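Comments concern the structure below.
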Amino acid sequence: MYGKGFSQHLLKTISNLNIGVREGEILAVAGSSGSGKSLLAHAALGILPKNAVIEGGMAWRGAPLDAALHKRLRGREIALVPQSVAYLDPLIRVGRQISNDSQTVGRLFARYHLKPGTEKLFPHELSGGMTRRVMICAALAGGPKLVIADEPTPGLTPHLAEHAMRHFREIADGGAGVILITHDIDLAVRHADRIAVLYAGTAAEVADASDFADAALLRHPYSKALWAAMPQNGFVAAAGAQPYAGELPPGCLYAPRCPECSPECMAAPPQPRSVRGGEVSCCNAH
Amino acid sequence: MRIEVRDIVFGYTKGKKVLDGVSLSIEAGERVALVGPSGCGKSTLSQIIAGALKPESGEVLFAGKSLPRRGFCPIQLIRQHPEKAVNPRWKLGRTLAEAWAPDDSFLAAMGIEKAWLDRYPAELSGGELQRFCIARALAPETRFIIADEISTMLDVITQAQLWELLLHAASSRGLGILAVTHSERLAAHVSSRIIDFTPHMP
């Protein structure tokens, strides 16, 4: 991050974040803007900028996921469905952007109901819904074991969004893990198996999607606040805002807004622990 | 001081009308939601009502007169993407001061911290930035707010916070609101009348 002029300073945008995704499941990563969702996706793909300072580690099927392994997996076993329809190259026919093997392209297009001949079109000749399907095909061409979908639904009507989500369920049913990055907690509850609630760059809670049926089933005060703020649950807004990455509190990142905050919460960041089958980073969760 | 929208026609490309003869009216202090599929012209209509776009034909009347061409517009538009609605090279204090000079208690009520006035837009989150856009639109001369999907890209807590701020300000000052949204639940929550804008397809 640049300060005044060209002076630079370090922003700690992600801290103490622990998340895992299993084969055959959809893990939704839900959180407010600036909570580190997209950075998490970029880290998982190994495409963070060169000057990023990274601590901690990642593992891929038991093996440490380092730069060399990333390079081997990226675009093959780990694939991204990007957020924007602008990720396709406007000057290349869409078929060639998916695979050089026309059989693979034909098979994928048939599966996603894209008419024969679509592979010869340029991106600007596709509708929004077709573009989205083409990008899903591109992600699946390498036979991925992990698909990361970065905000795949904004701008889609509810009907088209449901349709896109069915595609991701199909991918998970095929044995791959799916990480669905979204700020739409409603969508996550309806379509994911588990939900990781991100707050200011840390995972507040990782819970089964069914736990979001009732606030009493949730563990972290922030997830409960999210629940209460949904229009169908009363539209109650918790006060305060997520702390700026340059001014993080020393203890629990949610402590300044937390109704259950105790002195120990202010002292040190809570460690993730298992509570009623979910993971939660909160000293007072039970 | 009602808003009268009469026979608005508008298109971005020749021969293709986004809006073709749209008429509606909103009473002073009324809260109306505008819903419809994407691409049906909700945002275009919002901009026309707020005077940010000129229709090909038809007119928008506020209190029986057309909108002022210069000076402060009593109908204020809050846009979907706050980062596109502020000057990226201005600190937010300057952006706010361009519209009016709110006092400290108003800023506190809007949940704006004083330190933010000294920041550039890139240093704030979308929700924080949207507070500035709402605060800017709530100048004393404002009579009507058009909220064009002001909270879709935000998490539910921020969404509820922003609407609480806006509804509170609107009811204490008797402002009318036109809320454009995809969410029927949100529409039901913030408005007393819903206009369904599903177009008659040609």
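The values are calculated or read from the model by the stated rules, or taken from the named source; none is laboratory data. All values derive from a computational prediction rather than experimental measurement. FYI the Cβ positions are ideal-geometry reconstructions off the backbone, even for glycines, and counts take in every protein chain you see. Only protein heavy atoms, including side chains, enter the accessible area calculation; ligands, DNA and RNA are left aside. Shrake-Rupley method; radii C 1.70, N 1.55, O 1.52, S 1.80 Å.
Annotation note: of B:ALA188, B:ALA99, B:ALA109, the sole residue that is open to solvent by 10 Å² or more (accessible area, probe 1.4 Å), of a type in the set (A, V, I, L, M) and facing chain A (nearest Cβ under 9 Å) is B:ALA188. Among residues of the range A:219-230 being more than 7 Å from every other protein chain (Cβ to nearest Cβ) and among the hydrophobic types (A, V, I, L, M, F, W, C), the one that is least open to solvent (accessible area, probe 1.4 Å) is A:ALA228.
Beta carbons closer than 9 Å, at least 6 apart along the sequence or on distinct chains, pair a first residue in the range B:128-143 that is more than 14 Å from chain A (Cβ to nearest Cβ) with a second that is of a type in the set (Ser, Thr, Tyr) for B:CYS133/B:THR95; B:ARG136/B:THR95.
One line per residue, one yes/no per condition, for (1) in contact with a strand residue (DSSP E or B) (Cβ under 9 Å, 6 or more places away or on another chain); (2) away from chain B (no Cβ under 13 Å); (3) open to solvent by 70 Å² or more (accessible area, probe 1.4 Å); (4) in a helix (DSSP H, G or I):
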site: A:ASP211; (1), (2), (3), (4): yes, yes, no, yes
site: A:GLN232; (1), (2), (3), (4): no, no, yes, yes
site: A:PHE235; (1), (2), (3), (4): no, no, no, no
site: A:GLU264; (1), (2), (3), (4): no, yes, yes, yes
site: A:GLU279; (1), (2), (3), (4): yes, yes, yes, no
site: A:CYS282; (1), (2), (3), (4): yes, yes, no, no
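Just one of (1) of a type outside the set (Lys, Arg); (2) surrounded by 18 or more Cβ atoms within 10 Å (Cβ to Cβ); (3) within 26 Å of B:SER172 (Cβ to Cβ) fails for B:GLU30. It is (2). Exactly one residue out of B:SER66, B:SER57, B:SER46 is of a type in the set (S, T, N, Q), open to solvent by less than 60 Å² (accessible area, probe 1.4 Å) and more than 15 Å from the chain's Cα centre (by Cα), and it is B:SER57. Residues in the range A:237-262 that are within 13 Å of chain B (Cβ to nearest Cβ), surrounded by fewer than 18 Cβ atoms within 10 Å (Cβ to Cβ) and free of Cβ contacts under 8 Å to residues at least 24 places away in the same chain: A:ALA239, A:GLY240, A:GLU247, A:PRO256. Within the option set A:ALA30, A:ALA43, being part of a strand (DSSP E or B) and either buried (at least 17 other Cβ atoms within 10 Å of the Cβ) or modelled with pLDDT of 85 or more (or both) holds for one residue only, A:ALA30. Within the range B:160-169, being open to solvent by 10 Å² or more (accessible area, probe 1.4 Å) and within 7 Å of another protein chain (Cβ to nearest Cβ) holds for B:GLN161, B:GLU164. With respect to the stated conditions, A:ARG194 fails to be of a type in the set (Lys, Arg) and over 28 Å from A:ILE26 (Cα atoms).
Is it true that B:GLU83 is open to solvent by 40 Å² or more (accessible area, probe 1.4 Å) and within 12 Å of another protein chain (Cβ to nearest Cβ)? So B:GLU83 passes the test. Looking only at residues of the range A:159-191 that are farther than 12 Å from A:GLY31 by Cα and part of a loop (DSSP other than H, G, I, E, B), we find that the one that is most open to solvent (accessible area, probe 1.4 Å) is A:GLY174. The residues on offer are A:ARG93, A:ARG72, and the sole one that is under 25 Å from A:GLY175 (Cβ atoms) and either open to solvent by 70 Å² or more (accessible area, probe 1.4 Å) or of a type outside the set (Phe, Trp, Tyr) (or both) is A:ARG72. Here A:PRO152 clears all of (1) outside any helix (DSSP H, G or I); (2) over 20 Å from the mean Cα position of the chain (by Cα) except the condition numbered (2).
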